[in-house]
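Trainee: Supplied in structure tokens, the structure appears directly below.
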Amino acid sequence: MPIYEYRCRACGRTSTFITLSVSETLVPKCSTCGGLDLEKLVSRVAVIRSAESRADSLGEDFDPGIDDAADDGFDGDDGLAGRADAEDAGGGPDEE
């Protein structure tokens, strides 16, 4: 379904029109002031692509730095393991 955008030359507002097919005749009318003197705008196009396709478009020279993640000093401990051990021993934060 094509989507067309027009800017009204009278009031400057943008109106959007959705048609059921490209061959459908469209007579745009400003949704704000009702004016018929509209200028067709070039709209952005959305293309749905897979993650693999997006990665391929980055090129072979793209290096996301994933291999360096092990060298950043982060050992993966989120601190929850020590808290769980303390709770198991009866010294958790809910203990009074």
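The values are calculated or read from the model by the stated rules, or taken from the named source; none is laboratory data. This structure is a prediction, so every number in the text was calculated from the model and none was measured. Cβ: placed from backbone, ideal geometry, glycine included. Neighbour counts: every protein chain shown.
Trainee: Determine the pairs where a residue that is closer than 30 Å to THR14 by Cα, located within the stretch 43-57, has a partner that is surrounded by 10 or more Cβ atoms within 10 Å (Cβ to Cβ) with Cβ atoms under 9 Å apart, the partner being 6 or more residues away or on another chain.
Mentor: SER43/ILE3; SER43/TYR4; SER43/GLU5; SER43/THR16
Trainee: Moving on. ASP56 versus (1) surrounded by 10 or more Cβ atoms within 10 Å (Cβ to Cβ); (2) at pLDDT 80 or above; (3) within 30 Å of GLU5 (Cα to Cα); (4) not β-branched (Val, Ile, Thr): which is the lone unmet condition?
Mentor: (3)
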